[in-house]
Amino acid sequence: MGQILEQTPNIAEIIVVIDAEKLVREKKGGTEASPTFIPYAEANNYIYMVTSPEIVRAGQATGFLHIKVDTGINVEWFGQSIQPIRYDVLLRSLLLWRGDITTEPMFRSIERTHASQPRNQPLGTVFSTFYMGRWYVTTEGYGEVDYYFVFEVFDTATRESQGVYKWDPRIEITRS
(Lines give C-alpha, C1' and ligand atoms only; values in the text may rest on other atoms or scores of the structure.)
Protein backbone atom coordinates (compact mmCIF):
# COMPACT_ATOMS: atom_id res chain seq x y z
CA MET A 1 0.00 0.00 0.00
CA GLY A 2 2.95 2.32 -0.14
CA GLN A 3 3.06 3.36 3.51
CA ILE A 4 4.36 1.24 6.35
CA LEU A 5 2.81 1.19 9.79
CA GLU A 6 5.27 2.12 12.49
CA GLN A 7 4.15 1.42 16.02
CA THR A 8 6.29 3.24 18.54
CA PRO A 9 5.70 3.28 22.28
CA ASN A 10 3.84 6.61 21.94
CA ILE A 11 2.09 6.30 18.53
CA ALA A 12 -0.47 3.85 17.16
CA GLU A 13 -0.95 4.26 13.40
CA ILE A 14 -4.18 3.38 11.62
CA ILE A 15 -4.55 3.37 7.85
CA VAL A 16 -7.95 4.33 6.52
CA VAL A 17 -8.03 2.14 3.39
CA ILE A 18 -10.34 3.32 0.65
CA ASP A 19 -11.37 1.48 -2.50
CA ALA A 20 -11.39 4.80 -4.31
CA GLU A 21 -12.05 3.36 -7.76
CA LYS A 22 -15.18 1.51 -6.61
CA LEU A 23 -16.32 4.45 -4.49
CA VAL A 24 -15.98 6.98 -7.31
CA ARG A 25 -17.71 4.58 -9.73
CA GLU A 26 -20.67 3.76 -7.45
CA LYS A 27 -21.18 6.90 -5.33
CA LYS A 28 -21.10 10.39 -6.80
CA GLY A 29 -18.76 12.48 -4.68
CA GLY A 30 -20.02 15.62 -3.04
CA THR A 31 -18.28 18.87 -2.23
CA GLU A 32 -16.45 20.03 0.87
CA ALA A 33 -19.59 21.94 1.92
CA SER A 34 -21.85 18.95 1.19
CA PRO A 35 -19.92 15.65 1.24
CA THR A 36 -21.55 12.38 0.15
CA PHE A 37 -22.34 10.40 3.30
CA ILE A 38 -21.41 6.71 3.34
CA PRO A 39 -23.73 4.95 5.80
CA TYR A 40 -22.14 2.56 8.28
CA ALA A 41 -24.05 -0.39 6.77
CA GLU A 42 -22.45 0.23 3.34
CA ALA A 43 -19.04 1.42 4.48
CA ASN A 44 -17.20 -1.93 4.43
CA ASN A 45 -17.85 -2.05 0.67
CA TYR A 46 -15.59 0.97 0.24
CA ILE A 47 -13.62 1.86 3.35
CA TYR A 48 -12.10 0.27 6.44
CA MET A 49 -9.32 0.66 9.02
CA VAL A 50 -6.14 -1.40 9.37
CA THR A 51 -3.48 -1.29 12.06
CA SER A 52 -0.59 -3.46 13.19
CA PRO A 53 -1.45 -6.86 14.71
CA GLU A 54 0.27 -5.93 17.99
CA ILE A 55 -2.43 -3.43 18.94
CA VAL A 56 -5.58 -4.81 17.29
CA ARG A 57 -7.97 -6.69 19.53
CA ALA A 58 -10.78 -7.08 16.93
CA GLY A 59 -12.24 -5.46 13.83
CA GLN A 60 -9.17 -5.46 11.59
CA ALA A 61 -10.26 -4.24 8.11
CA THR A 62 -13.68 -2.97 9.28
CA GLY A 63 -15.26 0.32 10.29
CA PHE A 64 -15.33 -0.71 13.97
CA LEU A 65 -11.76 -1.18 15.15
CA HIS A 66 -10.99 -2.36 18.69
CA ILE A 67 -7.43 -1.47 19.69
CA LYS A 68 -5.43 -2.03 22.86
CA VAL A 69 -3.30 0.93 23.87
CA ASP A 70 -2.56 2.76 27.10
CA THR A 71 -3.61 6.31 27.95
CA GLY A 72 -1.29 9.02 26.69
CA ILE A 73 -0.76 7.29 23.33
CA ASN A 74 -1.26 9.24 20.09
CA VAL A 75 -3.57 7.41 17.69
CA GLU A 76 -2.87 8.64 14.13
CA TRP A 77 -4.97 8.10 11.01
CA PHE A 78 -3.94 8.60 7.41
CA GLY A 79 -5.75 7.73 4.19
CA GLN A 80 -4.60 5.32 1.50
CA SER A 81 -6.29 4.31 -1.72
CA ILE A 82 -6.01 0.65 -2.69
CA GLN A 83 -5.32 2.01 -6.20
CA PRO A 84 -2.47 4.45 -5.35
CA ILE A 85 -1.36 4.69 -8.98
CA ARG A 86 -4.81 5.96 -10.04
CA TYR A 87 -6.23 7.66 -6.92
CA ASP A 88 -4.99 9.44 -3.84
CA VAL A 89 -6.91 10.25 -0.68
CA LEU A 90 -6.79 13.25 1.64
CA LEU A 91 -8.43 13.04 5.06
CA ARG A 92 -9.84 16.58 5.22
CA SER A 93 -11.27 16.49 8.71
CA LEU A 94 -11.82 14.24 11.69
CA LEU A 95 -14.66 15.25 13.99
CA LEU A 96 -15.28 13.70 17.38
CA TRP A 97 -19.03 13.28 17.75
CA ARG A 98 -19.48 10.78 20.60
CA GLY A 99 -17.16 9.80 23.42
CA ASP A 100 -14.80 11.51 25.83
CA ILE A 101 -11.85 9.13 25.99
CA THR A 102 -9.57 11.07 23.61
CA THR A 103 -8.49 14.64 23.06
CA GLU A 104 -10.05 16.63 20.24
CA PRO A 105 -8.58 15.62 16.85
CA MET A 106 -5.57 17.59 15.59
CA PHE A 107 -3.98 17.71 12.12
CA ARG A 108 -0.29 17.26 11.32
CA SER A 109 0.77 18.28 7.80
CA ILE A 110 3.21 16.13 5.83
CA GLU A 111 4.90 17.18 2.59
CA ARG A 112 4.84 14.38 0.05
CA THR A 113 6.67 14.07 -3.26
CA HIS A 114 5.21 11.71 -5.77
CA ALA A 115 6.24 10.56 -9.25
CA SER A 116 3.52 10.55 -11.87
CA GLN A 117 2.95 10.51 -15.59
CA PRO A 118 0.32 13.13 -16.42
CA ARG A 119 -2.08 12.23 -19.21
CA ASN A 120 -1.48 13.87 -22.59
CA GLN A 121 2.12 14.72 -21.69
CA PRO A 122 5.36 13.46 -23.27
CA LEU A 123 6.70 10.30 -21.68
CA GLY A 124 8.94 10.94 -18.68
CA THR A 125 8.73 11.05 -14.93
CA VAL A 126 7.27 14.16 -13.37
CA PHE A 127 7.61 14.78 -9.65
CA SER A 128 4.90 16.71 -7.88
CA THR A 129 4.96 17.92 -4.33
CA PHE A 130 1.74 18.19 -2.41
CA TYR A 131 0.75 18.24 1.21
CA MET A 132 -1.00 15.40 2.93
CA GLY A 133 -1.36 14.82 6.59
CA ARG A 134 -2.44 12.75 9.51
CA TRP A 135 -5.15 13.27 12.06
CA TYR A 136 -4.35 12.29 15.60
CA VAL A 137 -5.85 12.15 19.07
CA THR A 138 -4.30 11.33 22.42
CA THR A 139 -5.99 8.62 24.47
CA GLU A 140 -7.26 9.75 27.88
CA GLY A 141 -9.35 6.75 28.88
CA TYR A 142 -10.93 3.50 27.75
CA GLY A 143 -14.22 2.77 25.99
CA GLU A 144 -15.84 3.58 22.63
CA VAL A 145 -15.54 6.72 20.59
CA ASP A 146 -17.21 7.74 17.32
CA TYR A 147 -15.81 10.08 14.69
CA TYR A 148 -16.79 11.56 11.37
CA PHE A 149 -14.09 11.48 8.70
CA VAL A 150 -14.43 13.79 5.72
CA PHE A 151 -12.08 12.77 2.92
CA GLU A 152 -11.45 13.72 -0.68
CA VAL A 153 -10.44 11.44 -3.54
CA PHE A 154 -8.04 12.78 -6.19
CA ASP A 155 -6.99 11.52 -9.59
CA THR A 156 -3.20 11.13 -9.17
CA ALA A 157 -2.39 12.11 -12.76
CA THR A 158 -4.43 15.31 -12.94
CA ARG A 159 -4.80 16.10 -9.19
CA GLU A 160 -8.47 16.78 -9.95
CA SER A 161 -10.94 16.08 -7.18
CA GLN A 162 -13.20 13.08 -7.74
CA GLY A 163 -15.44 14.03 -4.83
CA VAL A 164 -15.68 14.55 -1.09
CA TYR A 165 -17.14 11.87 1.21
CA LYS A 166 -18.11 11.53 4.88
CA TRP A 167 -17.80 8.33 6.94
CA ASP A 168 -18.50 7.47 10.59
CA PRO A 169 -16.10 4.85 11.97
CA ARG A 170 -16.06 3.66 15.58
CA ILE A 171 -13.03 2.90 17.72
CA GLU A 172 -12.97 0.96 20.94
CA ILE A 173 -9.91 1.45 23.15
CA THR A 174 -8.89 -0.97 25.90
CA ARG A 175 -5.80 -1.18 28.06
CA SER A 176 -2.86 -2.91 26.37
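Roughly how many percent of the accessible protein surface of the stretch 10-79 is carbon and sulfur, given a 1.4 Å probe and a whole-percent answer? It would help to have the intermediate numbers written out before the result.
Numbers: 1550 of 3100 Å².
Exposed carbon and sulfur together represent 50 percent of the surface.
Annotation: amide H-H contacts under 5 Å for residue 62 (H modelled 1.01 Å from N, sequence separation of 5 or more, or interchain): 49. Charge tally around residue 175: other residues with Cβ under 11 Å, Lys/Arg +1 each, Asp/Glu -1 each, net +1.
Remark on the stretch 1-92: hydrodynamic radius 14.3 angstrom, per the Kirkwood mean of 1/r across alpha carbon pairs. Which whole-angstrom value gives the distance between the alpha carbon centres of the stretch 139-176 and the stretch 39-74? Cα centroid of the stretch 139-176 versus Cα centroid of the stretch 39-74: 11 Å apart.
The values are calculated or read from the model by the stated rules, or taken from the named source; none is laboratory data. This structure is a prediction, so every number in the text was calculated from the model and none was measured. Please note: Cβ atoms are built from the backbone with ideal geometry, for glycine as well, and neighbour counts cover all protein chains shown. Just so you know, the surface numbers come from the protein's heavy atoms only, side chains and all, with ligands and any DNA or RNA stripped out. Shrake-Rupley method; radii C 1.70, N 1.55, O 1.52, S 1.80 Å.
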